[in-house]
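Written below as structure tokens is the structure these notes are about.
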Amino acid sequence: METARTEYDLGVIIRSHGQKYERKHPMYSEQRKAFRAIASCRTAVLGGHKLKCGHCGHEEISYNSCRNNNCPKCQGIKRKEWVGARIEELLPVPYFHLIFTISDIFNDLQYSHYQALYNAIFSASSGALLCFFKKTGGVPAITSIAHSWGQTMCVHPHVHMLVTGGCLLFDRKNWITIGNNYLFDVKALSAEFKKLFLKEIKKRIPQLLIPESINDKEWVVFCKKPFAGAEIVVKYLGRYVNRSAIANSRIKDVSHGTVTFEYKNYKNCDNNIPATETMTLDADEFIRRFMQHIPPANFRRVRFYGILAGRECKAKLQAAKELTMLDNFTLSELETTTEVPETQIQHPCPQCENGAMEIVETLLPHGPPCIIFRNETGRNTNAA
């Protein structure tokens with residue numbers, strides 16, 4: 001389902017307020033790279049093409065996208081590519097959606113030890129789950145996705161995990177189905193996750209002081225009831241990969257140096273449906289909240305475990321498919337045509353609605369960068 005477009009977007013905000021933000025806030029290389037890419041997305045800086053209707057002669061210009069993983073405008077492209085690659089890994093079994101969240105006392109580690117924090121969450125969540133599956137004598141297929149934000153873009157480290165409701169036995173000769181409405185005992189799984197995380201974070205950051213009060217709080221792993229069907233699984237995968245901290249559709253107003261956006265308030269629910277509310281922030285604070293969720297270079301936000309990991313993942317996946325494939329199971333609903341390059345897609349004319357817009361001219365990149373970066377000494381530099 002396509003997200004409705006609005007007249008506001010993150011690129012406009014950065015182009016209008018980014019220069020001021022850059023002077024006040026230090027950024028590491030990956031943040032600078034995303035900052036410039038988002039500011040330049042769909043502008044003359046990246047070039048584009050001129051389209052003309054063959055029926056009425058209407059002309060318009062379409063500029064190229066930046067294709068940065070953190071750009072809200074480019075998420076759809078990246079998401080389709082990633083989901084397409086995952087289709088072949090789907091098994092005809094129910095899947096569970098789990099969310100592993102840590103205590104907020106560790107939130108500040110995102111600023112000082114980003115890699116160590118999320119590597120510890122990945123290791124502890126996968127380790128806890130694989131430990132429970134090991135007791136049944138098998139291994140599941142796990143796709144794990146790290147997110148660092150909540151609805152208001154505040155720091156909220158957690159991992160979304162998509163797990164098969166069953167496992168391939170270690171001898172690869174049988175498949176065991178696990179769980180009807182739940183996968184494992186949530187309290188026991190939560191306790192194991194907490195224990196492993198505290199061990200992992202201490203190992204990765206030896207100097208970290210963990211308060212005694214952490215033992216007084218229970219951690220709860222959220223687990224949704226299983227859903228079946230390849231189409232639903234793929235849609236779920238698509239919802240959680242290649243996402244940025246906010247979608248353009250949530251931005252409702254940009255004026256007088258402020259940004260107003262929508263968010264879901266999970267503390268204010270009616271029949272378990274969170275209330276949709278709005279928040280207004282100074283543009284500088286809005287950009288700061290967004291930028292804090294851009295991971296360092298080479299950080300792997302999506303990771304695979306169990307059947308989908310290791311040198312023998314193809315062999316394990318093939319064995320699992322052969323043991324679980326049903327006669328009436330098909331991936332027909334997921335069949336896709338070859339991706340057509342953006343420059344070759346024909347769009348209906350918005351003017352006459354009878355003709356098709358065709359590319360008549362390619363526009364080379366031109367114009368100065370939307371954001372001129374400065375180094376620590378205040379001199380201008382274009383280094384991203």
SASA check, Thr101, accessible area w/ 1.4 Å probe, all protein chains in place, rounded to nearest 10 Å², comes out at 40 Å²
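Given the chain, what whole percent of its Cα pairs are spread farther than 37 Å?
Values: 23318 of 73536 pairs.
The answer is 32 percent, as a whole percent.
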Largest first, what is the accessible-area ranking of Ile99, Ile105 with a 1.4 Å probe?
Ile105, Ile99
Residues with amide H under 5 Å of Asp253's amide H, sequence separation 5 or more or different chain, H placed in the peptide plane at 1.01 Å from N; which?
Thr260
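Could you give the accessible area per residue of the chain, probe 1.4 Å, as a whole number in Å²? Don't skip to the end; give the middle numbers.
Details: 20800 Å² over 384 residues.
About 54 Å² of surface per residue is accessible.
Compute the FRET efficiency between Lys314 and Asn174 as 1/(1 + (r/R0)^6), taking r as their Cβ-Cβ distance and R0 = 22 Å, and round to the nearest 0.05. Present the calculation step by step, with values, prior to reporting the outcome.
Values: r = 19 Å, r/R0 = 0.88.
Rounded to the nearest 0.05, the efficiency is 0.70.
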On a 24 Å Cα-Cα criterion, which of the cross-link pairs Lys134/Lys217; Lys194/Lys225; Lys235/Lys321; Lys134/Lys195; Lys73/Lys224; Lys24/Lys252 come out too long?
Lys134/Lys217; Lys73/Lys224; Lys24/Lys252
What accessible surface, in Å², does a 1.4 Å probe find on Asp270, ignoring ligands, DNA and RNA and rounding to the nearest 10?
110 Å²
Could you tell me what percent of the accessible area of segment 190-330 is made up of carbon and sulfur, with a 1.4 Å probe and every protein chain present?
51 percent
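Report the local net charge at Ala309: Lys and Arg +1, Asp and Glu -1, summed over other residues whose C-beta lies under 10 Å from its C-beta. Can you show the working numbers first?
Details: positive: Arg303, Arg311, Lys316; negative: Glu312.
Local net charge: +2.
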How much length, in nm to one decimal, is gained on full extension between Tyr182 and Leu209, taken as 0.36 nm per residue of separation minus their Cα-Cα distance?
6.2 nm
Taking segment 1-156, the equivalent ellipsoid from its C-alpha gyration tensor has semi-axes in Å, biggest first, of 38, 25, 12
In nm, to one decimal, how far is the modelled label at Lys50 from the one at Glu285, with both set 7 Å along Cα→Cβ?
4.6 nm
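Given charges of +1 on the Cβ of Lys and Arg and -1 on the Cβ of Asp and Glu, with all other atoms neutral, how large is the dipole of the chain about its Cα centre, in debye to the nearest 20? Let's see the in-between values first.
Working: 49 positive and 38 negative charges, 267 e Å.
My answer is approximately 1280 debye.
The values are calculated or read from the model by the stated rules, or taken from the named source; none is laboratory data. Note that this is a predicted model, so its numbers are computed, not measured. Note: ideal-geometry Cβ built from the backbone for every residue, glycine included; neighbour counts use all protein chains shown. Side chains included, ligands, DNA and RNA excluded: accessible areas come from the protein's heavy atoms. Shrake-Rupley method; radii C 1.70, N 1.55, O 1.52, S 1.80 Å.
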